[in-house]
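Values in this text are rule-based calculations from the coordinates and carry no lab data. The structure presented is a predicted model; accordingly, all values stated were derived computationally and were not measured. Note that we place each Cβ from the backbone using ideal geometry, even for glycine, and neighbour counts take in every protein chain shown.
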Amino acid sequence: MMMNGELAGFTIPRLGMGTMALAIEGRPDRDTAIRTIHAGLDAGVRYLDTAWSYYLPSEPGTGTAKDLGYGEKLVRDALASWDGPRDEVLVATKTGYRRTMEVSAFVAPVSDSPESDTQGRDSEGCSRRPGGERQHLQAAGSQYGWMADSRPETMIRDAKESALHLGVDTLDLLYSHGPDPEVAYEDQVGALKQLLNEGVIRYAGISRVDNAQIDIAREILGDKLIAVQNQFSPSHPDPEHTMEHCAELGLAFVCWSPLGGFLDAFDQRAYDPFRTVAGKHGCSYQRVVLAWELSRYKRLFTIPSARNPQEINDSFAATELTLTQDELAMLNASVDARRG
Ligand SMILES: NC(=O)c1ccc[n+]([C@@H]2O[C@H](COP(=O)([O-])OP(=O)(O)OC[C@H]3O[C@@H](n4cnc5c(N)ncnc54)[C@H](OP(=O)(O)O)[C@@H]3O)[C@@H](O)[C@H]2O)c1
């Protein structure tokens, strides 16, 4: 199977590394995080995935100056202290999201919003901040959450900060992190267009999108839109068929949470067929999942997180794992049965 692919002008292995788990809740100490990135690069990883929002607020709110940029600076410092070829490594980041801590401390009082629950959330699971501005909220139930703020001015300002955090003049690839219910998708994509025009970014990607949003972005960005980053794994098998749409348009498809993720619960039974195949190959089921993902589409990149060197070494070995046609057929059937 062809394990290299072209992305943002780089010809690189299609198994990259997500660095979110090194920067948010559950993160290891900074030295371990840097060693983990070095282990990935030494193994052959040439795509590092980060985001402006990969940090943890140290107090209620969306983070203090010392919190911001943690994940991007980690990537910058890991690359600066690595003795390999830095210019072979594609670094992609994202704009338009931020983290929150103790969201209930800064949503509007319940009495301000008759449709809110006691957390100040409305029926769509969204929160209202003082002033009535509505923000999308993820990770309910945790003291940390995610909040979309994809107003064009915020996206543009944060992208410029990302370049500073990463220590580069131009970002190789910038994704819009996800749709913001308060911002028309055209305007959000318009911010990416402006960043391209200003030379802040070389290529644009979009994330957490459906096929209609892919079409909007394609219309506005043309061939500067190169990648869609959507959730894809055996437990979240792309029910909206966005991977097929990417194939029709010739876009790269980058899988987020390719092993099911670690923030939200998922159906472990989806991985049973992968455990069976792993038993035959004498390897981890995670390696089988990643090898199977790579087989799904020739322009698919998968970006597993790792919290220690052993995990990324184990995952990267998926690029050398050959699954038989019968194994692939069985795994495809098991996943396709779940996606409808
Ligand atoms: N665009 C978006 O909105 C979005 C959303 C989510 C994620 N992402 C991107 O996708 C990347 C990956 O997603 P993710 O962090 O949610 O989860 P993931 O890659 O699905 O990984 C989940 C967890 O699996 C464990 N693991 C990894 N490799 C392993 C191995 N070889 N053997 C055994 N266990 C292994 C690690 O947890 P333990 O260390 O606990 O074992 C890891 O944190 C992120 O880093 C980020 O770049 C993007």
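Taking the chain as the region of interest, the number of lysine pairs whose Cα atoms are within less than 22 Å, with members eight or more places apart or on different chains, is 11. Were the residues from Asp83 through Glu219 laid out at 0.36 nm apart, the gain over their Cα-Cα distance would be 44.9 nm. In the stretch 196-340, if the dipole is taken from +1 on Lys/Arg beta carbons and -1 on Asp/Glu beta carbons about the Cα centre, which of Ser207, Gly250, Leu290 is farthest to the positive end? Selected residue: Leu290.
For the chain, the 222 nm mean residue ellipticity estimated from helices alone, with every DSSP H stretch of n ≥ 4 adding -39500 (n - 2.57) and the total spread over all residues, rounds to -10500 deg cm²/dmol.
Among Cys246, Cys255, Cys283, the order by Cβ neighbours within 10 angstrom, fewest to most, reads Cys283, Cys246, Cys255. Here, the stretch 228-340 yields an orientationally averaged convex hull projection of 6.9 nm² when only Cα atoms define the hull. Distance from the Cα centroid of the stretch 18-49 to that of the stretch 240-294 is 20 Å (rounded to whole angstrom).
When the Cα positions of Leu22, Pro179, Gln229 are compared along the charge dipole of the chain, Leu22 comes out farthest toward the positive end, with charges on each C-beta of Lys, Arg, Asp and Glu. Enclosing the Cα atoms of the chain in their convex hull gives a volume equal to 131 cubic angstrom per residue. For the stretch 8-80, the orientation-averaged shadow of the C-alpha convex hull comes to 5.5 nm² (one quarter of the hull surface).
For the chain, the relative contact order works out to 19 percent when only alpha carbon pairs closer than 8 Å and six or more residues apart are counted.
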